[in-house]
Every structure is written in structure tokens, then in C-alpha cells.
Amino acid sequence: MDASFFLIQVLNAVQYGLLLFLVASGLTLIFGIMGIINLAHGSFYMAGAYMAFALAAATGNLLAGVVLGLGIAVVLGILMEWGLFSRLYVRDHLDQVLLTFGLVLVFEELRSILMGNDVHGVPVPPLLAGSIPLTANLSYPVYRLFLSVVCIGVGTALWWLIQRTRLGMMIRAGASNREMVQALGIDIQLVYRLVFALGVALAAFAGMIAAPVSSVYPGMGGQVLILCFVVVVMGGIGSVRGALLASLLIGLVDTFGRVFLPQLAGVIVYVVMAGVLLWRPEGLFRSV
């Protein structure tokens, strides 16, 4: 393996890990703070990809489609938390699993009715359609570098929101002791609603910006959901820092596993997860 090929694989691994972090960070917030086992989280990722396809075609601009899609995702998250998930906080995890699995089926059926079962492509914006030459024969797409930069920016904004704002302070307090936060006069229901909407928006946004790279196809949410749960468990339930570190680790392991051990690529990620949990059963980090 020469240096240029190794560099390309590292860039692919980092880009994949950062994209996975966007989806997993929303899941770890919902799971760790609200205590909801949300099997429908991958469906939000799929919905974002299909919204990017439909809205980009309708507006003629992927950026406009992403902005509109984010607004739809936030509204969808607020309505779902208000109408469905707010009733599950004092219920058993089995009820949460049944509801969210039912939502997976509903989303898949709606996708089939509205968009069909074909595989769709989303064109890369012309401004980002070029490549950066690495050697005389190898180049790297500008859009993939753009994805990494966007994911880093969103991750930084998420860290600032949780660690440096009043809302973030209420989120961290609600994750530690919900009853005490309510006793202090804070509307924890509103905080949870905002957290859920943020989680849905992060998953949908990841699907929207990933659509030009991975294409849009049925069942894409189920694949990413499994990896998101791996990231959440490895990083520590409720820890955004842990989700970032675990996502990058999964990105590196999965990418280089497919290069060096393609016959074992589907297993290596879970072997790494098992190793991390044997070392730290609570995950890499414990706090938000």
C-alpha cells in the first residue's frame, strides 16, 4: 500500500466516521437523556435522504432542499415527541421497542407509497463536483472533504450547545436527575421535546448530505441504525464525546477492514465493540 492510497483510505474512514457521528449523536441524546430506545432513528436518516432527493429535484438546488428538509425534520420531531414519545417516559422499554418498531414499518410503507422502491441518485452541487489531485493518477472528491468539514462544524456546534448554553445545562441536569429539575421549576417536558427534535434533525441532516455519496434506496435506515447502536454502546450511553470517538474508531476499523480483510469486514466492527466493552463495560465516557 503506497502513501497516497493509504491517505485516501484514511480520508474515507474519517468522513464515514464523522457522518456516522451525526446520526449516532442524535440517538445517544435520545437514548441517554430521555431513556427512549428508539428503533426508528434509522428511519429518520432514510427520510432525510429521500427528502434531499425530492426537495433538490423540486428546487433545483441541494442546499435549498437541505434547509427545507431540516425545517420539516424539526417539526416532525416535535410532533412525534408530543403525540407519541411523551407517553413512553414512564412505560416499560418493551412498549418503547414495540412503538418504535411499528414506526419503522410505517416509515417504510410511506416511503414505498410516496417514492417507490427504486434506487435514486442525488447529484453533487456543481460547486463541489470537482476533485483535488493527490498524485498524478489519484484524486479525492471535493464533496467528501466538504462532508467532513460540515460534520466537524455541526459536532462543534453541538458541543457548544450542550456545554456552554443554558439549554445545554438543563439538558445535562435533566439527564442526571429529572425530578430535581422539575422541582426547580424547569419544564423538563419542553427540554425533552427539543432534545428529540434535535436528534431527529441530526439524523435527517446526515441522510440529506450523505445522499449524493451513498445514493437513496429502500432499507438504508436499518443498516445505519445497527452501527449507531454500536457507537452508542461503545461511546457510553448519553455521551456525545464518546459517540464521536467511537464513530471515528468504527470508521477506521470498517474502512481498513474492507481493504485488508474483506471476507471478515462484517464481523470486525463487532469484535472491536466486544473488546471495548470488556475493557470498559460502561463505554468510553459516561457523561453527556
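Some values worked out for this structure:
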quantity	calculated
Conditions (1) without any contact (Cβ under 8 Å) to a residue 60 or more places away in the chain; (2) in contact with a Ser or Thr (Cβ under 9 Å, 6 or more places away or on another chain); (3) among the small types (Gly, Ala, Ser); number of the one not met by Gly60	(2)
Qualifying residue in segment 95-113 (condition: touching a residue at least 60 places away in the same chain (Cβ under 8 Å) and among the basic types (Lys, Arg))	yes
Among residues of segment 250-267, those that are farther than 16 Å from Tyr16 by Cα and at pLDDT 85 or above, counted	1
Cβ-Cβ under 7 Å pairs, at least 6 apart or on other chains, segment 122-147 side more than 9 Å from Pro212 (Cβ to Cβ), far side assigned to a loop (DSSP other than H, G, I, E, B)	Tyr140/Leu134; Val142/Gly130
Residues that are in a helix (DSSP H, G or I) and among the polar types (S, T, N, Q), drawn from segment 94-130	Gln96, Thr100, Ser112
Elements of type helices (runs of 4 or more DSSP H) contained in segment 155-232, each with 3 or more residues being of a type in the set (A, V, I, L, M) and in contact (Cβ under 8 Å) with a residue 12 or more places away in the chain	166-176, 188-214
Number of positions in segment 223-250 that are closer than 15 Å to Ser25 by Cα and either touching a strand residue (DSSP E or B) at 6+ places or on another chain (Cβ under 7 Å) or not aliphatic (A, V, I, L, M) (or both)	9
From Ala203, Ala274, Ala197, residue being surrounded by 22 or more Cβ atoms within 10 Å (Cβ to Cβ), of a type in the set (Gly, Ala, Ser) and out of contact with any Cys (no Cβ under 8 Å at 6 or more places or on another chain)	Ala203
Candidates Gly130, Gly102 - the one that is small (Gly, Ala, Ser), modelled with pLDDT under 90 and surrounded by 11 or more Cβ atoms within 10 Å (Cβ to Cβ)	Gly130
Given (1) touching a residue at least 12 places away in the same chain (Cβ under 8 Å); (2) outside any helix (DSSP H, G or I), index of the condition Val253 fails	(2)
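The values are calculated or read from the model by the stated rules, or taken from the named source; none is laboratory data. Being a predicted model, the structure only gives us computed values, none of them experimental. With ideal geometry, Cβ positions are generated from the backbone for all residues, glycine too; neighbour counts draw on all protein chains shown.
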